[in-house]
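The values are calculated or read from the model by the stated rules, or taken from the named source; none is laboratory data. Note that the structure is a prediction, hence the values are computed from the model and not measured. Here the Cβ is made from the backbone with ideal geometry for all residues, glycine too, and neighbour counts use every protein chain on show.
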Amino acid sequence: MDALTSLVTALAAGAAVVLKPTVEQAVNDSYSALKGLIQRKYARVSLDQLEANPRSKSRQGVVEEDLAAAGIDKDAEVLQQAQTLLDTLQRQTLETAAAIGVALTDIEGAALSIRRVTATGAGVTVEHAKLSGDITIEDVQAGGPGGTRPNAQRQPVSRRLPNSSSTTSPSAVISPSAG
């Protein structure tokens, strides 16, 4: 990945993550440092469009053009800060993956089946799901803070919703239970 693409990737990923209410302070600090550095050194480059919709390829393209025109891809300080942000995001992703076994958002399908999940936090989270068939979630190992494991006996978990034309779940966290 070239320097300019890495920079835009870091900015887009950082902007997307800091919009979430659960963002880690280290990610927020790293993104703010990169954004502030760009604003100080390259005042004519606006990141507002990218922050409004970080996943938009066209907005990423506009910001990339502006950054290239400013010659920012040759600025070692900015590129180092972008790499710091990417490293911080990667660390958070790995930590989050361990804490949340399976996290699904905005899914649509006929059925959902999840088995054998181990996590230190919530075992399975599902948000905004539209499913027309069965939902089966089994053998979830989830622990609380400090590594406690509320289901140390590996009790299988199964949640089954009756067939219907559409089952919508705006937000659900499914963790092991006794029954």
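Let's see how each residue does on (1) buried (at least 20 other Cβ atoms within 10 Å of the Cβ); (2) modelled with pLDDT of 85 or more; (3) in the same structural domain as Asp87 (by TED's automatic domain parsing):
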{"site": "Val17", "(1), (2), (3)": "yes, no, yes"}
{"site": "Pro21", "(1), (2), (3)": "no, no, yes"}
{"site": "Ser32", "(1), (2), (3)": "no, yes, yes"}
{"site": "Leu37", "(1), (2), (3)": "no, yes, yes"}
{"site": "Lys41", "(1), (2), (3)": "no, yes, yes"}
{"site": "Arg44", "(1), (2), (3)": "no, yes, yes"}
{"site": "Leu47", "(1), (2), (3)": "yes, yes, yes"}
{"site": "Gly61", "(1), (2), (3)": "no, yes, yes"}
{"site": "Leu67", "(1), (2), (3)": "yes, yes, yes"}
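Is there a residue in the stretch 54-61 that is outside any helix (DSSP H, G or I), under 14 Å from the mean Cα position of the chain (by Cα) and under 26 Å from Ala26 (Cβ atoms)? Yes, the stretch 54-61 contains at least one residue that is outside any helix (DSSP H, G or I), under 14 Å from the mean Cα position of the chain (by Cα) and under 26 Å from Ala26 (Cβ atoms). Taking the stretch 69-93 as the range and being in contact with a Leu (Cβ under 6 Å, 6 or more places away or on another chain) and over 13 Å from Ala33 (Cβ atoms) as the test, only Asp73 passes. Within the stretch 38-45, identify whether any single residue is among the basic types (Lys, Arg), over 18 Å from Ala68 (Cα atoms) and free of Cβ contacts under 8 Å to residues at least 12 places away in the same chain, and answer yes or no. The answer is no, given that none of the residues of the stretch 38-45 is among the basic types (Lys, Arg), over 18 Å from Ala68 (Cα atoms) and free of Cβ contacts under 8 Å to residues at least 12 places away in the same chain.
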